[in-house]
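What follows is one structure encoded as structure tokens, with my remarks underneath.
The values are calculated or read from the model by the stated rules, or taken from the named source; none is laboratory data. Nothing here was measured: the structure is a model prediction, and the numbers come from that model. All Cβ positions, even for glycine, are placed from backbone atoms using ideal geometry, and neighbour counts span all protein chains on display. In case anyone asks, the SASA skips ligands and DNA or RNA and just uses the protein heavy atoms, side chains included. Shrake-Rupley method; radii C 1.70, N 1.55, O 1.52, S 1.80 Å.
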Amino acid sequence: MQLEQKLETTYRKKSFSAFVLLIIFISFLSFITVRGAFNLALGGDDWGIHYLIWGIFDIRKEASYFNPFTYFCTYCPHYFFLSIISRVFGYEPFYYFLASFISRVLVALSLFYLLKKITEETMIAFLASCFFAVTYLGIEATDWAFNYNHILGIGILTLFFVWYFKAKETLKIKPLIISALLFASALVVSPPRMHGMIPLILILELGWWLIDGKKFNLKIASLRIFILIVTNYIILYGVSDLYFLIRDHLIKGFEIGPFFIGNGYGAREWNTQRSLEGIDFLRQKFIAGQSDLIIDPIATLGNYIMPDMLWNKIPFSQISLLWRPPFTFFSYILPISLVYGGLTYIVLYFARIKKKVSFLYILNLCFWILFIYLLQKVNINTFSYPRVAFALVGGFTIIFSVWLFFLLKNTKPLIALMLLLGLGWMFTFILFPWIISPYGIILTWGRYSVQQGAGLAIWMAVVSFITIDYLNKKRKFFLLGITYLLIVLFIFMHVMFANDYLTYVATYRSKQIDTKFWNIIITEVSKIDRDGLNIFLLLTDQQSAEIAEAIRFGFYGRASIFYNTRNWDYSTFMVVNEYESILSSVYDGRYLIKQGRKPIPTTIDRIHAFALQNKEMYNVTEQVREKLKVDLEALKKGTLSLPQTFQ
């Protein structure tokens, strides 16, 4: 008995030590990936949300932090997640990027827990955790620090999937209720990034049905799906609908939160309008003969496998093959097909694909190649070569994943489900952003790709595991070494791309740049007129344009907080980049109408002007005010007229 206790104690100590080492390693990978963020200042929307928090809670005092309905709109959860930092540390950027970094580490660890719990394979769990820690996908959510709650939302989803799998395996109501509560929590924490969950659940249930066959309980599966759909509706729209019903029809004057609660977490009207506009755009393009747009969701998937930054690193436009010009079938489509298609075939071979049916897989790839080739010929002027490459890779990925799923579903069913989960997690979260903005593929670095980073991590982990497992069993150590090298290169690629992106952002929004120019502005303009409209003119040359835009973006919110302007009903700040804007605003105020303001001219003494040249800032307020006086006289005499766009 004592021996068993000693063995159990030793096992626990080793497990704890391994867990600590995992935390250290994942933290290290995450840090080398996003370390550049700690050199950044807060961005435009960061200040925009801070301004809303300041106005709602401090100025108007129309909401309480302790009223859960305070956060009941699409972006209102940010109020809580930013406030818990700002109330302690103010607006020091470091702590917001630290929160984002910690969120990334937590999600990477939660992916380890998810994969280990379901597959019981430490290798898959470890690889998925590493891949997410370094993912370049959605890196903009790190750059825009206020998005860190969307990263945390992914972590909640991993816990949801653990309990959802348990609900399916046990057929008990308790795990199902817990999974529904976790799903609701994810919706509350990150409402605008959960749009792909219901389609993803349908894909997962389809996978279970294909694996279980006649043993699959359709009624219980329908109940699971129904509960999640109802949960999705209640959180995103239902509570808001109930509020409207009570306020407008049952209890007059009934209020449960700020005025904006009627939007609900789902922002139904906004979503509906954008969706209809997107669908109409696609319809018009099809009528005009442009059919390549329909392939963009698949091209976006290919873009995740083969990131757009990789496209920039490899000079495809200069590569020729078989003495053919670049971008022909032989020098472009064929090499991509052979390399990526060949790699997928090798993995299927490791998964024991039968030689008799392997030609069918090759035939599937050939059909996809032919389809993309013909689509490019029909849309020769619009179907760009990068999109052709991404569409090829995306199509290959779907075909390969389906084949691999069927090869694994009998021998490794849980791993097969994880493959499907990874693919679905990438693809379903593409659909809504594409529908509302069907103008091209979704960029890998964009904040709308943050969820897909988890899907890519799981998918890559499963594919890597299948390869490693086969080579280990066959004792192919040389090929095993190459596989590990490719995994390291994949990790290095994502770290490098994330570093490149954050380094680029720092060229116009580093803490040093931001502090330098903001201090010049507040030193030169130490006071403002709180009773009128203060317009800041920011002139710039091409070299300083990105810095100027970074200052403009969020200037209103930041300036309002700094100058402590408490006139919430009337905007006391406006920032413009053209001289004619302030001339019209001072002369007749017509330009202000286009900015959603009343056409009440402001005064010259409320005009402040700065010029950015060669990345240096100069106060040109006096020169601009003198010019305004001269031009106003000319306008009154009729010797000068404003351009039509400023009238």
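Would you confirm, using the coordinates I've provided, whether E205 is at pLDDT 85 or above, part of a helix (DSSP H, G or I) and in contact with a helix residue (DSSP H, G or I) (Cβ under 7 Å, 6 or more places away or on another chain)? In short, yes.
Scanning segment 399-424 for residues that are surrounded by fewer than 19 Cβ atoms within 10 Å (Cβ to Cβ), in a helix (DSSP H, G or I) and β-branched (V, I, T) yields I399, V402. The residue that is least open to solvent (accessible area, probe 1.4 Å), counting only those in segment 348-393 that are basic (K, R) and out of contact with any Ser or Thr (no Cβ under 9 Å at 6 or more places or on another chain), is R387. Mind checking which residues of segment 559-611 are of a type in the set (D, E), modelled with pLDDT of 85 or more and either closer than 25 Å to G55 by Cβ or in contact with a Phe, Trp or Tyr (Cβ under 6 Å, 6 or more places away or on another chain) (or both)? Hit for segment 559-611 is E580, nothing else.
When I582, I535, I561, I528 are checked against the criterion of being of a type in the set (V, I, T), open to solvent by less than 80 Å² (accessible area, probe 1.4 Å) and over 21 Å from I600 (Cβ atoms), I561 stands alone in meeting it. Within segment 368-387, no residue that is under 11 Å from Q290 (Cβ atoms) sits with its Cβ atom under 6 Å from a residue that is open to solvent by less than 80 Å² (accessible area, probe 1.4 Å) and among the hydroxyl-bearing types (S, T, Y) at 6+ positions apart or across chains. Per the conditions (1) among the β-branched types (V, I, T); (2) under 22 Å from K166 (Cβ atoms); (3) surrounded by fewer than 24 Cβ atoms within 10 Å (Cβ to Cβ), the sole criterion not satisfied by I435 is (2).
Hey, can you tell me all the residues within segment 336-346 that are touching a helix residue (DSSP H, G or I) at 6+ places or on another chain (Cβ under 6 Å) and either of a type in the set (S, T, Y) or closer than 16 Å to I415 by Cβ (or both)? Matches in segment 336-346: S337, Y340, T344.
Anything in segment 347-359 that is out of contact with any Phe, Trp or Tyr (no Cβ under 8 Å at 6 or more places or on another chain) and in contact (Cβ under 8 Å) with a residue 12 or more places away in the chain? List them, or say none. Once the filter is applied, which keeps residues that are out of contact with any Phe, Trp or Tyr (no Cβ under 8 Å at 6 or more places or on another chain) and in contact (Cβ under 8 Å) with a residue 12 or more places away in the chain, segment 347-359 yields only R352. So is L182 under 22 Å from the mean Cα position of the chain (by Cα), at pLDDT 95 or above, part of a helix (DSSP H, G or I) and closer than 22 Å to H78 by Cβ or not? Taking the combined requirement at face value, the residue satisfies it.
Reported count of residues in segment 603-627, each being open to solvent by less than 10 Å² (accessible area, probe 1.4 Å) and among the acidic types (D, E), is 0. Filtering segment 102-145 to residues that are more than 22 Å from L310 (Cβ to Cβ), at pLDDT below 95 and crowded, with 24+ Cβ neighbours inside 10 Å leaves only A145. Within this structure, Y79 passes the test of being surrounded by 18 or more Cβ atoms within 10 Å (Cβ to Cβ), over 18 Å from F553 (Cα atoms) and touching a helix residue (DSSP H, G or I) at 6+ places or on another chain (Cβ under 7 Å). Screening the candidates F427, F396 for the property of being part of a helix (DSSP H, G or I), open to solvent by less than 50 Å² (accessible area, probe 1.4 Å), modelled with pLDDT of 90 or more and not small (G, A, S) yields one hit, F396.
Looking only at segment 631-638, decide whether some residue is in contact with a strand residue (DSSP E or B) (Cβ under 9 Å, 6 or more places away or on another chain) and exposed (fewer than 13 other Cβ atoms within 10 Å of the Cβ). Within segment 631-638 (the criterion being in contact with a strand residue (DSSP E or B) (Cβ under 9 Å, 6 or more places away or on another chain) and exposed (fewer than 13 other Cβ atoms within 10 Å of the Cβ)), the answer is no, since none of the residues qualifies. Taking segment 110-145 as the region of interest, how many residues are free of Cβ contacts under 8 Å to residues at least 12 places away in the same chain and either in contact with a His (Cβ under 7 Å, 6 or more places away or on another chain) or hydroxyl-bearing (S, T, Y) (or both)? Here the count works out to 1. Taking the listed residues G596, G557, the one that is in contact with a Gly (Cβ under 6 Å, 6 or more places away or on another chain) and of a type in the set (G, A, S) is G557, with no other qualifying.
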